[in-house]
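The values are calculated or read from the model by the stated rules, or taken from the named source; none is laboratory data. Keep in mind the model is a prediction, meaning the values are calculated, not measured. Because the Cβ atoms are built from the backbone with ideal geometry, glycine has one as well, and the counts that use them run over all protein chains shown. Remember, those area values only see protein heavy atoms, side chains included, never the ligands or the DNA or RNA. Shrake-Rupley method; radii C 1.70, N 1.55, O 1.52, S 1.80 Å.
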Amino acid sequence: MSETIELPTSLVPRAVRIEEIGNHDALVRDDDRVAEIRERIQGGDVYIARRVVSRERLEPIRDYLRRVGRNSLPNYHPIRRGAPNSHRMNRWDPRSYVGGCFHQFSFFPWNQDPFDLFELFRSVYQVKNRLSALDGSRFLGTEPDAGCTARLSFQVYPRGGGALKLHADPVDHHQLVVPSLALSRRGEDFETGGVYIEPEPGRPVDLEGELDWGDVVYFNARQAHAVAPVDPDQPMDWLSFSGRWALVLAVNKLESNQEIANSKEFPSKEG
């Protein structure tokens with residue numbers, strides 16, 4: 001049975017602590033540890049689970065997506081019941097709630113794929129749900145659940161300036177955290193940029209330097225976060241698929257769901 005928790009309307013500015021989860025798979029069954037981590041994430045702390053999926057299992061997925069991206073047309077599909085797995089390019093599309101420059105591959109639990117991806121990443125969704133005071137299996141079925149669905153969003157931020165503007169994601173009955181898993185490493189796949197949070201205006205906290213292949217980072221979705229431009233001094237080549245790779249393990253509202261707020265971009269310093 002799900003718990004009922006009160007989620008804060010804002011975070012209290014303070015020094016952010018970055019901690020490691022330890023035994024990721026065991027966390028789902030440890031109610032006390034879940035409650036402890038949830039409370040600290042609500043307050044703004046960040047947790048990292050190491051090597052949740054091995055690099056050896058992730059590299060073939062990255063190679064497969066690279067081939068799909070090079071050999072099929074990108075197309076946008078709204079999040080609806082029965083939506084297909086697909087990929088799209090976002091080059092600062094003004095229709096987006098949050099400005100970004102990245103290539104995205106989306107997978108839904110009602111579709112099949114060669115890697116059985118939702119089974120491979122099930123433990124991350126279970127931890128995500130438990131930290132959100134939900135049953136571990138929520139949103140993973142072949143039908144939408146309470147106007148929402150799980151979605152695996154592989155994102156490639158190309159060298160040459162791939163980025164995502166500073167924003168906050170909605171915290172509601174469907175989530176507290178939006179975990180992401182690394183499929184690249186700064187210093188190997190790219191040199192500068194990457195994910196960061198900004199608990200106080202003008203005081204960013206770099207997270208990218210903490211991450212390696214297969215690591216999962218958990219933080220409050222309401223926490224201001226962004227992807228700083230990836231190697232902006234390099235030429236951009238979308239078909240090379242070189243740059244920062246990440247997997248966002250999302251629970252998204254359906255296009256028709258008007259009850260949950262949209263992600264919100266923060267004003268730029270120039271604006």
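In loop segments of region 66-109 as defined by DSSP, the chymotrypsin sites (Phe, Trp or Tyr not before Pro) with at most 16 further C-beta atoms inside 10 Å of their C-beta are Y76, W92, Y97. For region 16-166, the pair-distance distribution built from all alpha carbon pairs, in bins 5 Å wide starting at 0, is 2, 8, 14, 17, 18, 20, 14, 6, 1, 0 percent.
How many percent of Cα pairs in the chain exceed 22 Å? Working shown, then result.
Values: 20027 of 36585 pairs.
Of all Cα-Cα distances in the chain, 55 percent exceed 22 Å.
The local environment of S137, defined by Cβ-Cβ distances under 14 Å, has a net charge of +1 under the rule Lys, Arg +1 and Asp, Glu -1. Placing a label point 7 Å from the Cα of K165 along the Cα-to-Cβ direction, the residues of region 69-92 whose backbone N falls under 20 Å of that point are 89-92. Each of G69, G193, V127 was placed along the dipole of the chain (beta-carbon charges, centred on the mean Cα), and the one lying farthest toward the positive end is G69.
Take region 105-235 with all the other protein chains still there, run a 1.4 Å probe, and you get 33 Å² of accessible area per residue. For region 146-212, what log10 I(q)/I(0) values come out of the Debye formula at q = 0.23, 0.24, 0.25, 0.29 1/Å, with one point per alpha carbon and no solvent? Summing over Cα pairs of region 146-212 leads to -1.24, -1.29, -1.34, -1.49. If every alpha-carbon in region 191-243 counts as one equal scatterer, what log10 I(q)/I(0) does Debye give at q = 0.26, 0.28 1/Å? Calculated log10 I(q)/I(0) at the listed q: -1.09, -1.16.
Summing -39500 (n - 2.57) over the DSSP H runs of n ≥ 4 in the chain and dividing by its residue number, what mean residue ellipticity at 222 nm do you reach, to the nearest 500 deg cm²/dmol? Walk me through the intermediate numbers first.
Working: 5 runs with 47 residues, N = 271.
After summing the helix terms and dividing by the residues of the chain, the value is -5000 deg cm²/dmol.
Can you give the net charge of the other residues whose Cβ lies under 12 Å from the Cβ of V28, counting K and R as +1 and D and E as -1?
Numbers: positive: R29, R33, R122, K128, R130; negative: D25, D30, D31, D135.
For residues surrounding V28, the net value is +1.
Simple point charges give the picture: +1 on the Cβ of Lys and Arg, -1 on the Cβ of Asp and Glu, and for the chain a dipole about the Cα centre of about 640 debye.
Eigenvalues of the Cα gyration tensor times 5, then square-rooted: what semi-axes does that give for region 66-118, in whole angstrom, largest first?
Details: eigenvalues 86, 43, 17 Å².
Semi-axis lengths for region 66-118 are 21, 15, 9 Å.
Each Lys or Arg adds one and each Asp or Glu takes one away; over the other residues whose Cβ falls under 13 Å from the Cβ of L65, this sums to +2. Once the Kirkwood radius over Cα pairs is known for region 149-271, the Stokes-Einstein relation at 37 °C and 0.692 mPa s delivers a diffusion coefficient of 216 µm²/s.
For the chain, relative contact order (Cα pairs under 8 Å, six or more residues apart, normalised by length) works out to 25 percent.
Of the solvent-accessible surface of the chain, computed with a 1.4 Å probe and all protein chains present, 47% belongs to carbon and sulfur.
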